[in-house]
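Undergrad: What follows is a single structure, and I will ask about it in a moment.
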Amino acid sequence: MRKMLLAALSRVLQGPAAATAAAAGRTASRVMVASRNYADFASEATFEIKKCDLHRLEEGPSTTAVMTREEGLHYYKTMQTIRRMELKSDQLYKQKIIRGFCHLYDGQEACCVGLEAAIKPTDHVITAYRAHGFTYTRGVPVREILAELTGRKGGCAKGKGGSMHMYTKNFYGGNGIVGAQVPLGAGIALACKYFGKNEVCLTLYGDGAANQGQIFETYNMAALWKLPCIFICENNRYGMGTSVERAAASTDYYKRGDYIPGLRVDGMDVLCVREAAKFATEYCRAGKGPLVMELQTYRYHGHSMSDPGISYRTREEIQEVRSKSDPITLLKDRMVNNNLASIEELKEIDVTVRKEIEEGAQFATTDPEPPLEELGNHIYFNEPPFEVRGPNQWIRYKSVS
């Protein structure tokens, strides 16, 4: 206590001069941080990554990955944006601004970011209803995703699709019927092969859909026709509220293709996912046919916003995954420890991301809802206008493509 009183008395006696000096010191410190230029950082680093489990393959993806500083910053910002966007969606849903179904992707960010890093914009992606992350990595801005969630005109599906039905160029949703997107993905891959395009289709589904019969029918056709299709099971350990051990006699989802080669990948590591996806796309582009990937990942939220997510798993389990395997924390530690970025720089990215999310949310809550006249619009793509009957059978609306 005596030391504290003496210190306080000293500050009073020194007066404004001491305060000015302290402020100057802090300013100098900030200037020093700001003055650290790009030359102080490494341009790239090589990392050891977890080996993939293989099925019907003699060799698999590399166990080392090179990541440049620019790539690392891009992955970090993208994953943070998806994380913050999903947390904002949670908030808007609880405020009853977002209605209906809403399935959040936080915890699984390394999957969509790693996959996108390995493919080309001309390649194709189709997934199930946990689609916000893929919608963003495929190029849709945050404001359009949030506006779609709130049912506004400025949404990527004009406010008529909502959480489960988002689309953009070479991205085919967001499909609500469990497993139904898998044969659609094979159809997209068939079109790629038919038209002679050197493109692949990533066809995603969850562990809960992995037991659907249509998936095995699709495996068979894709193998017979050697389609450039990568079947990707995002195994987040729970199909709705049921653990994989209770739902599947075999949880080796990467072996489910039987005669189709497979990979089991650490889906919480963006570099593991990227290297596995690079290997898979090269395999498909070489004309060898389809491949099955299992991404072992985890969702922090429940199955949907109606599921608290803690009746079939413990809070401790979720916290353990967050503390040991979080994809954003893993990337952040790698970058800082290998001099690819500084803590201060990553914090600046966090601030930028938060601002972007807030601006997107502002747009999503002020943009007008689509008028009734648009009920029949955009039913088909590039079709001539036709009449659509509205809620009143005597009223006809002209469609717009």
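Undergrad: What FRET efficiency comes out for Thr122 versus Glu48 if R0 is 30 angstrom and r is the Cβ-Cβ distance? Round to the nearest 0.05.
TA: 0.40
Undergrad: Where both partners of a DSSP beta bridge lie in the stretch 44-370, what percent of those bridges are antiparallel, to the nearest 5? Kindly include the intermediate steps, with their values, before the conclusion.
TA: Working: 11 of 32 bridges.
Counting only bridges with both partners in the stretch 44-370, antiparallel ones make up about 35 percent.
Undergrad: Near Gly376, within a Cβ-to-Cβ distance under 14 Å, what is the net charge of the other residues, with Lys and Arg +1 and Asp and Glu -1?
TA: Details: positive: Lys158, Lys160, Arg389, Arg396, Lys398; negative: Glu373, Glu374, Glu383, Glu387.
With Lys, Arg at +1 and Asp, Glu at -1, the net is +1.
Undergrad: For the stretch 40-101, what is the Kirkwood hydrodynamic radius in Å, using each pair of distinct C-alpha atoms?
TA: Details: mean 1/r = 0.0651 Å⁻¹.
Averaging 1/r across every pair of different Cα atoms and inverting gives 15.4 Å.
Undergrad: Report the extension gain between Tyr259 and Asn337 in nm, rounded to one decimal, defined as 0.36 nm multiplied by the number of residues separating them, less their alpha carbon distance. Provide the component values of the computation, followed by the final result.
TA: Working: separation 78, 0.36 × 78 = 28.08 nm, distance 4.20 nm.
Here the segment from Tyr259 to Asn337 would lengthen by 23.9 nm.
Undergrad: Turning to a different aspect of this structure: Say we join alpha carbon atoms closer than 10 Å with springs in a Gaussian network model of the chain; which of Leu372, Leu295, Leu57 then has the biggest fluctuation?
TA: Largest GNM mean-square fluctuation: Leu372.
Undergrad: Another one. For the residue pair Arg285 and Glu387, what label-to-label distance in nm results when each label sits 7 Å from Cα along the Cα-to-beta-carbon direction?
TA: Rounded to a tenth, the inter-label distance reads 5.1 nm.
Undergrad: Could you sort 221-232, 117-128 so that the peptide with the highest average Cβ count within 10 Å comes first and the rest follow in order? Spell out each step's value before the answer.
TA: Numbers: 221-232: 23.1, 117-128: 20.8.
So the peptides 221-232, 117-128, ranked by packing, come out 221-232, 117-128.
Undergrad: Shifting gears a bit: Hey, can you list the DSSP H helices of the chain whose Cα span along the axis is 24 Å or longer and whose average Kyte-Doolittle score is at least 0.0? Write down the numbers at each step before the final one.
TA: Working: long enough: 16-34 (27 Å, 0.70); 69-94 (38 Å, -1.39); 343-366 (35 Å, -0.45).
Membrane-span-like by this criterion, though nothing is claimed about a membrane: 16-34.
Undergrad: Another question, if that's okay. Could you let me know the centre-to-centre spacing of the stretch 352-393 and the stretch 103-121, using Cα atoms, in angstrom?
TA: Going from one Cα centre to the other spans 26 Å.
Undergrad: Now for a separate question. Ignoring ligands, DNA and RNA, what percent of the accessible area of the chain is carbon or sulfur (1.4 Å)? Write down the numbers at each step before the final one.
TA: On the way: 10890 of 20220 Å².
Whole-percent figure for carbon plus sulfur exposure: 54.
Undergrad: Taking R0 as 41 Å, what FRET efficiency do you get between Val351 and Lys169 from their Cβ-Cβ distance, rounded to the nearest 0.05? Can you show the working numbers first?
TA: On the way: r = 30 Å, r/R0 = 0.74.
According to the calculation, E is roughly 0.85.
Undergrad: Further, regarding this structure: Would you kindly state how much longer the chain becomes between Glu59 and Phe195 on full extension, computed as 0.36 nm times their sequence separation minus their alpha carbon distance, in nm to one decimal? Walk me through the numbers before you get to the answer.
TA: Values: separation 136, 0.36 × 136 = 48.96 nm, distance 3.02 nm.
Taking 0.36 nm per residue and subtracting the Cα distance, the gain is 45.9 nm.
Undergrad: Follow-up question, since we're still on this one. List the pairs from Lys51/Lys255; Lys120/Lys160; Lys169/Lys355; Lys197/Lys255; Lys88/Lys120; Lys169/Lys288 whose alpha-carbon separation is above 18 Å, in the order I gave them. Intermediate values should be presented prior to the final figure.
TA: On the way: Lys51/Lys255 16 Å; Lys120/Lys160 28 Å; Lys169/Lys355 26 Å; Lys197/Lys255 28 Å; Lys88/Lys120 29 Å; Lys169/Lys288 26 Å.
From the list (Lys51/Lys255; Lys120/Lys160; Lys169/Lys355; Lys197/Lys255; Lys88/Lys120; Lys169/Lys288), the Cα-Cα distance tops 18 Å for Lys120/Lys160; Lys169/Lys355; Lys197/Lys255; Lys88/Lys120; Lys169/Lys288.
Undergrad: Turning to a different aspect of this structure: Run the simple label-point estimate for Asp90 and Thr366 please: 7 Å along Cα→C-beta, distance reported in nm.
TA: About 2.7 nm, to one decimal.
Undergrad: May I pose another question? Could you order peptides 164-176, 333-345, 386-398, 148-160 by the average number of other Cβ atoms within 10 Å of their residues, highest first? If you can, show how the numbers build up before the last one.
TA: Values: 164-176: 19.7, 333-345: 15.8, 386-398: 11.0, 148-160: 21.5.
The peptides rank, most packed first, as 148-160, 164-176, 333-345, 386-398.
Undergrad: Would you mind computing, in nm to one decimal, how far apart the modelled labels at Tyr380 and Met221 are, each placed 7 Å from Cα along Cα→Cβ?
TA: Once both label points are built, they end up 2.2 nm from each other.
Undergrad: Whose amide H sits under 5 Å from the amide H of Gly309, counting only residues 5 or more places off or on another chain, with H placed in the peptide plane?
TA: For Gly309, whose amide H was placed from the backbone, the distant partners under 5 Å are His303.
Undergrad: Using 0.36 nm per residue, how much length does the chain from Glu359 to Asp40 gain when fully extended, once their Cα-Cα distance is taken away? Before the final figure, lay out each step's value.
TA: On the way: separation 319, 0.36 × 319 = 114.84 nm, distance 3.30 nm.
Value of the extension gain: 111.5 nm.
The values are calculated or read from the model by the stated rules, or taken from the named source; none is laboratory data. Keep in mind the model is a prediction, meaning the values are calculated, not measured. Positions of Cβ are backbone-derived with ideal geometry, glycine not excepted, and every protein chain shown enters the neighbour counts. The accessibility values were calculated without ligands, DNA or RNA, using every heavy atom of the protein model including side chains. Shrake-Rupley method; radii C 1.70, N 1.55, O 1.52, S 1.80 Å.
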